[in-house]
Amino acid sequence: MAMQANEIEALIKAAFPDAKIEIEDLAGDNDHYAATVVSEAFRGVPRVRQHQMVYAALQGRMGGELHALALQTSAPE
Amino acid sequence: MDNPVFVEIQNHIEGSDVFLFMKGTPLFPQCGFSARVVQILKHSGVPFASLNVLENAEIREGIKSFSNWPTIPQLYVKGEFIGGCDIVAEMYQTGELQALLEEKGITQNAA
C-alpha cells in the first residue's frame with residue numbers, strides 16, 4: 001500500500017505537462033507525501049477543483065494506494 | 001438522486017450549517033487530519049455537527065463519489081463542499097474560512 005515519489009510525479013506530469021512539481025516524503029514510508037504543483041491549468045480555478053484535478057491525475061490511487069497527499073496547488077505567479 | 005446513501009448524505013449536509021464527515025468524533029478524533037479540522041472549527045468558535053464515517057461504511061465510501069473527493073475528512077458549509085484538511089487549514093490561515101463563514105451568516109464566537 002504505497003507509491004514511490006517519482007511515480008506520483010510522473011502521473012501528475014502526464015496530466016500537467018507544464019507543471020513545476022515538488023514531492024516531499026513526509027514520513028519516509030512511501031505513504032505520506034506533500035506535493036506542490038504549479039501549473040497554468042490552475043489559473044482562476046477554485047482550490048477544491050485544483051486538488052480534484054490532481055487527484056484525477058493520480059487515477060484513483062488517492063485514498064487507496066496513497067494514504068495521504070498534502071497538496072499545495074497554484075498557477076505560476 | 002435516487003441513491004439512498006446520497007440522500008442520507010444530503011440530509012446530513014442540509015441538516016446543519018456546518019457539517020463534518022470525519023474519522024472518529026470531535027471528542028475522540030481517530031485521524032490526525034480529522035482532528036486538525038475539528039481544532040480549526042473549535043478555534044473559529046463555530047458550532048458544527050459531524051458523522052463518524054468509521055461507524056458507517058456506506059457513507060464512508062458514498063461520500064467520496066458524492067463529492068468527487070477521495071479522502072476523509074470532508075467539510076460542508078450550508079450544503080456546499082469546502083474541502084479536506086489541507087484546504088480548510090489553508091483557508092483558516094489566510095482568513096478565507098472566517099470570511100466564508102461570515103458571508104454565509106454563520107456566527108463565530110472566539111473560542
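Before moving on, here are some points about what is shown:
- For the range B:17-70, the list of trypsin sites (Lys or Arg not before Pro) that fall in a loop by DSSP and count at most 16 other C-beta atoms within 10 angstrom is empty.
- Our summary gives chain B a relative contact order of 32 percent, counting only alpha carbon pairs under 8 angstrom and 6 or more residues apart.
- With θ taken as phi - 60° and the Karplus curve 6.51 cos²θ - 1.76 cosθ + 1.60 applied, the whole-hertz 3J(HN,Hα) list for the range B:62-75 is x, 4, 5, 7, 4, 9, 6, 9, x, 10, 10, x, 9, 9 Hz, x standing for glycine and proline.
- For the residue pairs A:Lys20/B:Lys23; B:Lys23/B:Lys78; A:Lys20/B:Lys64, the alpha carbons lie more than 23 Å apart in A:Lys20/B:Lys23; A:Lys20/B:Lys64.
- Interface of A with B. Using a 1.4 Å probe and counting protein heavy atoms only, the two chains hide about 1200 Å² of accessible surface, both sides summed.
- Paramagnetic reach from B:Gln30 (point 7 Å along Cα→Cβ, amide N under 16 Å) across the range B:72-91: B:72-74
- Once the 1.4 Å probe is applied to the protein heavy atoms, chain A comes out at 51 Å² accessible per residue.
- Ellipticity estimate at 222 nm from DSSP helix runs (n ≥ 4, -39,500 (n - 2.57)) divided over chain B, nearest 500: -14500 deg cm²/dmol
- Residue-by-residue Karplus 3J(HN,Hα) for the range A:44-51, coefficients 6.51, -1.76, 1.60, Hz, glycine and proline x: x, 9, x, 4, 4, 5, 4, 5
- Under 5 Å, built H, 5+ apart or other chain: amide partners of B:Ser50: B:Leu20
- In order through the range A:2-16: 3J(HN,Hα) via Karplus (6.51 cos²θ - 1.76 cosθ + 1.60), integer Hz, x for Gly, Pro: 7, 9, 7, 4, 5, 5, 4, 4, 5, 5, 5, 4, 5, 8, 10
- Taking every residue in B:82-94 and counting other chain Cβ atoms within 10 Å of its Cβ, the average works out to 3.
- The Cα center of the range B:8-49 and the Cα center of the range B:53-103 differ in position by 9 Å.
- Most positive-pole-ward Cα, A:Leu26, A:Ala75, B:Thr107, against dipole of the protein assembly as shown from beta carbon charges: B:Thr107
The values are calculated or read from the model by the stated rules, or taken from the named source; none is laboratory data. Source: prediction; values computed, not measured. Every residue, glycine as well, gets a Cβ built from its backbone with ideal geometry; the counts of neighbours run over all protein chains shown. Surface areas here come from the heavy atoms of the whole protein model, side chains and all, with no ligands, DNA or RNA. Shrake-Rupley method; radii C 1.70, N 1.55, O 1.52, S 1.80 Å.
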